[in-house]
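See below for the structure under consideration.
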Amino acid sequence: MEFSIKSGSPEKQRTACIVVGVHETRKLSQAAELLDKAADGYLSDLLRRGDMEGKAGSTLLLHKVPGIEAERVLLVGLGKETGFGENEYRAAIATAVRALNHAGGTEGTLCLAGLTVGKRDITWRLRQAVMVAAESLYRFDRMKSKKDEARRPLRKLIFSVAPSGELVLAKQALQEGQAIATGTGFMKDLANLPGNICTPTYLADQARKLSKEHGLKVDILGRADMEKLGMHALLAVAKGSHQPPKFIVVRYSGSKKTDKPIVLVGKGVTFDSGGISLKPGAEMDEMKYDMSGAASVLATIKAAALMKLPLNVIAVVPTVENMPGGGATRPGDIVTSMSGQTIEILNTDAEGRLILCDALTYVERFEPDCVIDVATLTGACVIALGHVVSGLLANDEGLARELLDASQASWDRAWQMPLLEDYQEQLKSNFADMGNIGGRAAGTITAAAFLSRFTKKYEWAHLDIAGTAWKSGKDKGSTGRPVPLLTHFLLARAAAKAG
Ligand code: BES
Ligand code: MN
Ligand code: ZN
């Protein structure tokens, strides 16, 4: 998809289809008013006759509207004007883009970025418009022998903005939105792949390819390297699988060598069967998404490179397959992590924290500015927060605040949970320094409490994306979250640096 920006009056746009909004009940948006004037009341007549009420989600395609340059007009219902907020704006863009895609033209011009969305500025409205448009057109048909191509798919989307100082900001926001959308699409493609294709080796190959494309540095550690480093918590998870584990490090240097890097660590379990603590069969296929954290950090570094952010960013991906097998780790086994702390593996299905803890120790060598890990870590997070917000826990309130701000700015929302010392006692083991599970109570927090024992040397935050990384049911698929959140965090860091 090609995106661009034009400023100018809607009635003068030469385009296959011009899209304007209509509020409930029958109230034309500003852009629609301009079209209506040029068309001598054609639109308001239609509305008066009741052809369209402006209900959210509704559309009306008009041909040969007099007095204007566009070949077609698409009216998009915006719902009630009061209470038109972020969700409604995003839904309107999605509706418009889907309708355009069906309308048959290969190109269209959207006049929706001029709408009032609470206090959101043109930067927000444009970034979101691009992100939502890309999202609405995303398909994953790589594994289908016959692709279901639209008859004449939409190829070009033009955003019309007011001819004022907004144009410069809009162009910048368009580029950022595009980079974020490309990153999000990259994450989705990786995460949607099945476990038999997207193995740890495949992820490592993709990281190499990504690095080549964007001039990034890449290091891939194999089993022998990890043994030398003493990553026995990570290696314990890989033991039941025929797939060799990998440890991926990708570096983007957009700033001085002396600038401390932001380190992103992503859980890369390419399939989580639970291991010997086998999961029940229902929906187990969805455990191919257990590498969503890995995909998100690779996607974020890609977006950072596309935006040429003046930051140093490192993406670290411990990746394994969690399977039962003759060589698999048993419940009760005790391993020594890279940090030297010993862990009694009471449940082999609590494997995410085992691979993450060694990665969190490994990244100390980068003397990070901060570390953010991203993981589909606990089913408990889905129970606590559902599919709306990601769980956020941190050992530093400033970093937590920055991530919450980024979650609001990106509309890829997160919610903080308390990481209090009091939860640590649930991890007590009679035989090792700690167990890898903390009982039924507060499962998301005890998982983070476990990780916090490996993050004492730097500022750290943890995103539990178990409920937000993919959708189940008939719309099953990766959501691309939290790429928008992470990229907005980096954008804010870059802006703060520019001063
Ligand atoms: N990958 C799962 C978490 C998960 C489950 C994410 C369902 C999304 C949907 C993780 O490895 C896991 O199995 N966690 C266990 C931990 C428990 C054994 C302490 C869980 O949540 O049941
Ligand atoms: Mn598991
Ligand atoms: Zn898992």
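The C-alpha atoms of the chain define a longest principal axis, and helix 443-452 lies at about 60 degrees to it.
Which value, in Å², gives the accessible area per residue of the stretch 181-498 when a 1.4 Å probe is used on the protein heavy atoms?
37
Inter-part distance, the stretch 30-46 to the stretch 432-467, computed on C-alpha centroids, equals 58 Å.
Report, to the nearest whole %, how much of the accessible area of the stretch 2-137 belongs to carbon and sulfur atoms, 1.4 Å probe, protein only.
45
If you wrap the Cα atoms of the chain in a convex hull and average its projected area over all directions, you get 24.2 nm². Sequentially through the stretch 17-27, phi angles give Karplus couplings (6.51, -1.76, 1.60; θ = phi - 60°) of 7, 10, 10, 10, x, 10, 7, 6, 9, 6, 9 Hz, Gly and Pro residues having no value and appearing as x. Each residue of the stretch 30-37 is assigned a 3J(HN,Hα), and the resulting list reads 4, 5, 5, 4, 5, 4, 4, 4 Hz, derived from the Karplus form 6.51 cos²θ - 1.76 cosθ + 1.60 (θ = phi - 60°), x at Gly and Pro.
Derived scalar couplings between HN and Hα for the stretch 290-296 equal 6, 10, 4, x, 4, 4, 5 Hz in order, rounded to whole Hz, by the Karplus curve 6.51 cos²θ - 1.76 cosθ + 1.60 (θ = phi - 60°), x for Gly and Pro.
Which net charge results when you count Lys and Arg as +1 and Asp and Glu as -1 among the other residues whose beta-carbon is under 10 Å from that of VAL269? Cβ neighbours under 10 Å give a net charge of -2.
Pairs of Cα atoms under 8 Å, at least six residues apart: use those to get the relative contact order of the stretch 2-137, whole percent.
29 percent.
In loop segments of the stretch 50-118 as defined by DSSP, the trypsin sites (Lys or Arg not before Pro) with at most 12 further C-beta atoms inside 10 Å of their C-beta are LYS64. Close amide-amide hydrogen proximity is noted between ASP259 and no other residue 5 or more places distant or on a separate chain, at a cut-off under 5 Å (H modeled in the peptide plane; Pro and chain starts excluded). Here the sum of -39500 (n - 2.57) over DSSP H runs of 4 or more residues, divided by the residues of the chain, equals -11500 deg cm²/dmol at 222 nm, to the nearest 500. Scanning residues 5 or more positions from ALA70 or on other chains, those with amide H under 5 Å from its amide H are GLN13, THR15, with H placed 1.01 Å from N in the peptide plane.
Once each of the GluC sites (Glu not before Pro) sitting in a DSSP loop with at most 12 other beta-carbon atoms within 10 Å is removed, the chain keeps 284-499 as its longest stretch. How much of the pair distance distribution for the stretch 2-137 lies past 28 Å, counting alpha-carbon pairs only, in percent? Every Cα pair in the stretch 2-137 considered, those over 28 Å come to 8 percent. For THR59, the amide hydrogen comes within under 5 Å of the amide hydrogens of GLY77, counting only partners 5 or more places away or on other chains and with H modelled in the peptide plane. The loop-placed trypsin sites (Lys or Arg not before Pro) in the stretch 220-276, going by DSSP, that have at most 13 neighbouring Cβ atoms within 10 Å of their Cβ come out as LYS256, LYS257. Of the accessible area of the stretch 182-314, with the probe set at 1.4 angstrom, what percent is carbon plus sulfur? Here it works out to 53 percent. Enter the accessible area per residue of the stretch 2-137 (Å², integer; probe 1.4 Å; all protein chains in place). So the stretch 2-137 comes to 44 Å² accessible per residue, rounded to a whole number.
Taken along the Cα-to-beta-carbon direction at a fixed 7 Å, the label points for LYS217 and LYS279 span 3.6 nm. For the stretch 442-499, the list of trypsin sites (Lys or Arg not before Pro) that fall in a loop by DSSP and count at most 16 other C-beta atoms within 10 angstrom reads LYS456, LYS457, LYS476.
Once the Cβ-Cβ distance between LYS119 and TRP415 is put in as r, and R0 is 30 Å, what FRET efficiency do you end up with, to the nearest 0.05? Efficiency computed from Cβ-Cβ geometry: 0.90. What FRET efficiency comes out for ALA498 versus LYS209 if R0 is 45 angstrom and r is the Cβ-Cβ distance? Round to the nearest 0.05. Taking R0 as 45 Å, the efficiency between ALA498 and LYS209 is 0.90. The distance linking the stretch 110-128 with the stretch 407-429 is 32 Å (Cα centroid to Cα centroid, whole angstrom).
The values are calculated or read from the model by the stated rules, or taken from the named source; none is laboratory data. Predicted, not measured: the structure shown is a model, and the values here were computed from it. With ideal geometry, Cβ positions are generated from the backbone for all residues, glycine too; neighbour counts draw on all protein chains shown. Ligands, DNA and RNA are excluded from the accessible area calculation, which covers all protein heavy atoms including side chains. Shrake-Rupley method; radii C 1.70, N 1.55, O 1.52, S 1.80 Å.
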